[in-house]
Amino acid sequence: MGRRCISKNTVIKLVKTISVAAVAATLLTTVSNASQAMKIHWFGTSNIVIDDGENAIAFDPFFSRPGLWDLFSLSTLKPDPEVIEHWLSKSPISKIKGVFVSHSHYDHILDLVPLAKKFSSQVFVDDNGRTIAMFQGYQENLIKIQKVNEIYSVGKFSVEVLRSGHAPHLWGKVFMSGKIKSPFPREASFLDYKNQDCFSYLIRHPQLTILFAPSSFEDVERKNVTVDLIIQGIAARKSSESLLKNLVIPYRPKAVMPVHHDNFFRRLDAGQEVPSGVALDEFIQTTKQLAPEVVVIQPQYGKPIEIGALNKLRH
């Protein structure tokens, strides 16, 4: 029997497969100094906490999750402190020193003040977010209006604010948009939480660099940098291919973590449900096809993901 030749393309595919497997194994392996390992906690939608073992930063706090009937009946939306405390207690989280709100729709800001009060956090919002935070009784000296291209230092984190936008809901339009008039309504329904400005964030830390893009809106400010991880909102995207080519691949990440793909009318303790229209599986498969070297991290509610070793894996 003659010697069987292996093509160059086959070898390349095999090497890439082994490399991706190695990266994934490293990402999911508990490091020896677990208390100092960078961790990401995901609580659905784009509600995340990034914790370096000393301090933490949070984004788009939304634990309470009112149901569809609350929205259809235009019920007054209120944070649920017991739900917030329950999910924060599921795994140890360091002091949250800063809370950033990407925009002021209710599913990104409803639980801002209860979370911030727990840790006396500095909060970073737009004008609408300031109106909401003041209405909910937060200290004015701890509210900062974030500005595009400004860099804010929080512990060892350096957070650069990037211009973004909101992906259209329907018919090319973003609902609940405009400036919120002060004072904020005492019986505010979801319609009162209006989107004004919209941001993404470039997060630098001695351990790694993260791009957090909660919206799938593609006409955004881009930086000529390489990142270790992209946390990418995928709801209402034009297509997975377009999103990957325009927002993900240019940053040459080692890993991508899709977020804002779950049914947020469903309580967190009911478990994760992905609406069919979001097509999470299709996004994952398209990522494997277009960027086979990129690991796709699939988070689970409240389960910390250790990513401290990610910066050791260079393309």
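For the range 45-174, what is one quarter of the convex hull surface built on the Cα atoms, given in nm²?
Averaged projected area of the range 45-174's Cα convex hull equals 8.6 nm².
Ranking request for peptides 138-150, 224-236, 282-294: highest mean number of other beta-carbon atoms within 10 Å first, then the rest in descending order.
Packing proxy ranking, top to bottom: 224-236, 282-294, 138-150.
Run a plain Debye calculation on the range 34-312 (Cα atoms as equal point scatterers, no solvent) and give log10 I(q)/I(0) at q = 0.08, 0.09, 0.10 Å⁻¹, rounded to two decimals, same order as the q list.
Log-scaled intensity ratios, in q order: -0.29, -0.37, -0.47.
Set Lys and Arg Cβ to +1 and Asp and Glu Cβ to -1, take the dipole of the range 34-312 about its Cα centre, and tell me which of Gly302, Phe190, Ile132 lies farthest positive.
Of the candidates, Ile132 comes out farthest on the positive side.
Could you check what % of the DSSP bridge pairs in the range 34-312 are antiparallel, to the nearest 5?
Approximately 50 percent, going by the DSSP bridge assignments.
Among the lysines, which have Cα under 22 Å from the Cα of Lys95 when same-chain residues fewer than 8 positions away are ignored?
Leaving aside lysines fewer than 8 places away in the same chain, those within reach of Lys95 are Lys39, Lys117, Lys118, Lys144, Lys156, Lys303.
Percentage of Cα-Cα pair distances in the range 103-260 greater than 20 Å, rounded to whole percent?
The calculated P(r) of the range 103-260 puts 53 percent of pairs beyond 20 Å.
Find how many whole Å separate the alpha carbon centroid of the range 243-298 from the alpha carbon centroid of the range 70-122.
Using only Cα atoms, the two centres lie 23 Å from each other.
Read the figures in this text as sums done on the coordinates, not as results from a lab. Source: prediction; values computed, not measured. Because the Cβ atoms are built from the backbone with ideal geometry, glycine has one as well, and the counts that use them run over all protein chains shown.
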